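Undergrad: One structure coming up, written as structure tokens, with questions to follow.
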Amino acid sequence: MTLTKLHQQLWRSAQSLKSKLPLLQSETQRLEAIDALPFIEQEVLKADWPVWARENQLPPMGEWRTWLLMGGRGAGKTRAGAEWLRAIVNADKHFLGDAGGRIALVGETYQDARAVMIEGESGLLAVHPQHEMPKWIPSRRRLEWPNGVIGQVFSANDPDGLRGNQFGAVWSDELAKWPYLEATWDMLQFCLRLGNNPRQLVTTTPRPLALLKKMLVDNTTVVTRSSTIDNKGNLAPGFVDFVTAEYGGTRLGRQEINGEIIEDREDALWRRSQLENLRVRISPPLKRIIVAVDPPATSTANADACGIVGAGKDSEGICYVLADETLHNATPQMWAKKVVELYNRLGADAVVAEVNQGGEMVETILSMVDSTIAVRPVRATRGKWVRAEPVAMLYARGSVRHVGSFAKLEDQMCDFGPDGLSQGRSPDRLDALVWALHELALKQQSVPRIRPA
């Protein structure tokens with residue numbers, strides 16, 4: 001008997017049991033029935049995703065082009081995406097799709113796509129049984145299945161990289177974090193044209209973005225929702241209890257746990273639509289570059305993050321936000337090293353460091369890592385809202401651009417009201433941004449040197 005025929009026989013045996021599982025009254029009875037199978041049949045059943053999936057992890061029936069799966073963190077979105085592609089590749093009739101010989105995987109970056117969608121604990125390589133396992137060729141960013149289907153990995157950092165390609169199925173992960181969202185999405189729609197039933201799956205924790213809102217009312221899109229709580233049984237003990245106790249009911253919790261689209265605060269200083277209109281792919285030559293750091297008072301598990309933001313200004317007076325390297329639970333040595341790394345990478349002129357929490361110690365820590373960097377200490381004498389208002393005016397005048405996407409920083413910007421962030425945490429990233437842009441645009445500067453292009 002060939003391996004294929006053996007697998008088909010075992011699959012039929014497993015399917016026979018699968019059909020009986022819904023008749024068993026309890027989870028214990030179902031597990032006992034599976035345990036009674038021979039080991040090899042158990043393995044086949046374990047690889048049968050519909051046996052284990054929740055309903056909101058399976059593609060809806062009916063005619064659709066786009067399946068939008070919005071969920072909280074750890075809600076099982078990646079597993080659903082990997083299993084959907086696996087079924088499409090193997091022409092599983094229950095998944096109503098057609099790979100057309102070629103599929104695409106699109107992540108925020110190549111590194112994210114590889115680490116999560118392909119090599120992650122719930123990624124493509126983890127969900128395939130050995131006889132179906134695709135060959136992963138990292139150097140070519142390519143997957144090759146035994147049946148000839150080809151998968152290509154793309155980055156939302158490079159929309160033009162999609163030109164000239166065509167696919168029968170596309171899996172797009174964490175779309176709400178894509179740096180060039182509209183451009184990448186538009187290119188993908190022109191590529192989805194192979195096979196008899198080309199389809200795409202979007203797995204993402206949502207943000208109130210125009211594209212997501214447009215998809216929600218598109219009659220070719222179907223939507224499923226999943227929360228972190230739904231997947232509690234597959235997460236570390238205590239995790240769900242902790243995050244719901246810490247963030248349940250807050251704006252952040254509703255977005256990151258429940259997977260809800262949370263609109264901008266009415267009293268926030270910034271709007272997402274405003275930031276989208278100020279986004280660019282590259283900056284022009286800059287005549288001054290600053291790295292700003294807002295150190296926390298401690299480095300304990302519950303301490304504030306260390307805000308680290310890089311920004312520059314061109315000869316026309318336009319400021320460009322270049323980087324957000326904010327660190328959590330970082331020791332002074334860790335954040336100082338990160339600041340110096342960013343300083344050198346950007347070729348910065350100075351580090352602006354808030355010293356309210358550490359005084360001269362902040363300068364000392366930075367100089368211990370690199371004594372050659374220029375450090376400008378600043379001390380906050382006014383509240384965060386008052387300091388942020390003039391910076392918000394720079395955005396309102398169109399005097400600031402974001403080079404790429406800074407999702408977590410922009411979340412804080414659009415959630416910052418007169419009373420701070422809605423969940424009560426410190427706006428660490430925003431604080432660093434305010435210091436950087438204040439130094440570049442709101443403070444009398446000496447004549448800077450001109451940097452080469």
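Undergrad: Only residues that are part of a loop (DSSP other than H, G, I, E, B) and among the aliphatic types (A, V, I, L, M): list them for region 350-362, please.
TA: VAL355 - this is the single residue of region 350-362 that is part of a loop (DSSP other than H, G, I, E, B) and among the aliphatic types (A, V, I, L, M).
Undergrad: Being farther than 18 Å from PRO427 by Cα and within 23 Å of the chain's Cα centre (by Cα) is the filter; apply it to region 304-323 and report the residue that is surrounded by the most Cβ atoms within 10 Å (Cβ to Cβ).
TA: LEU322
Undergrad: Scan region 409-440 for residues that are part of a loop (DSSP other than H, G, I, E, B) and more than 12 Å from ARG272 (Cα to Cα) and report the count.
TA: Residues meeting the conditions: 8.
Undergrad: Could you figure out which of (1) out of contact with any Lys or Arg (no Cβ under 6 Å at 6 or more places or on another chain); (2) modelled with pLDDT under 95 isn't true of VAL127?
TA: VAL127 satisfies all of (1) out of contact with any Lys or Arg (no Cβ under 6 Å at 6 or more places or on another chain); (2) modelled with pLDDT under 95 except (1).
Undergrad: If you don't mind, another one. Scan region 248-260 residue by residue and report those that are under 19 Å from the mean Cα position of the chain (by Cα) and either closer than 17 Å to MET413 by Cβ or not aliphatic (A, V, I, L, M) (or both).
TA: Across region 248-260, the qualifying residues are ARG251, LEU252, GLY253, ARG254, GLN255, GLU256, ASN258, GLY259, GLU260.
Undergrad: While we're on this one: Restricted to region 150-184, and to residues that are among the charged types (D, E, K, R) and closer than 14 Å to ARG279 by Cα, which residue is nearest to the chain's Cα centre (by Cα)?
TA: Ranking the qualifying residues of region 150-184, first place goes to LYS177.
Undergrad: Which residue is nearest to PRO427 (Cα to Cα), if the candidates are limited to region 366-408 and must be outside any helix (DSSP H, G or I) and without any contact (Cβ under 8 Å) to a residue 12 or more places away in the chain?
TA: Within region 366-408, the match that is nearest to PRO427 (Cα to Cα) is GLY383.
Undergrad: Please work out if ASN147 is on the phi < 0 side of the Ramachandran plot, out of contact with any Pro (no Cβ under 7 Å at 6 or more places or on another chain) and either surrounded by 15 or more Cβ atoms within 10 Å (Cβ to Cβ) or not β-branched (Val, Ile, Thr) (or both).
TA: For ASN147, the condition - on the phi < 0 side of the Ramachandran plot, out of contact with any Pro (no Cβ under 7 Å at 6 or more places or on another chain) and either surrounded by 15 or more Cβ atoms within 10 Å (Cβ to Cβ) or not β-branched (Val, Ile, Thr) (or both) - is met.
Undergrad: Please specify each residue of region 38-57 satisfying the condition of being without any contact (Cβ under 8 Å) to a residue 24 or more places away in the chain and assigned to a loop (DSSP other than H, G, I, E, B).
TA: PRO38
Yes or no, residue by residue, for (1) modelled with pLDDT of 70 or more; (2) more than 21 Å from GLY120 (Cα to Cα); (3) touching a strand residue (DSSP E or B) at 6+ places or on another chain (Cβ under 9 Å):
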| residue | (1), (2), (3) |
| --- | --- |
| ASP35 | yes, yes, no |
| PRO38 | yes, yes, no |
| ALA47 | yes, no, no |
| GLU55 | yes, yes, yes |
| LEU58 | yes, no, yes |
| GLY74 | yes, no, no |
| GLU83 | yes, no, no |
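Residues checked against (1) touching a residue at least 40 places away in the same chain (Cβ under 8 Å); (2) of a type in the set (S, T, N, Q):
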site	(1), (2)
THR184	yes, yes
LEU188	yes, no
LEU192	yes, no
ASN197	yes, yes
GLN200	yes, yes
THR203	yes, yes
PRO208	yes, no
ASN219	no, yes
VAL222	yes, no
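Undergrad: Filter region 324-356 down to residues that are surrounded by fewer than 20 Cβ atoms within 10 Å (Cβ to Cβ), of a type in the set (Gly, Ala, Ser) and touching a residue at least 40 places away in the same chain (Cβ under 8 Å), then give me how many there are.
TA: Residues in region 324-356 being surrounded by fewer than 20 Cβ atoms within 10 Å (Cβ to Cβ), of a type in the set (Gly, Ala, Ser) and touching a residue at least 40 places away in the same chain (Cβ under 8 Å): 2 in total.
The values are calculated or read from the model by the stated rules, or taken from the named source; none is laboratory data. Nothing here was measured: the structure is a model prediction, and the numbers come from that model. Reconstructed Cβ throughout: ideal geometry from the backbone, glycine too, with neighbour counts over all protein chains shown.
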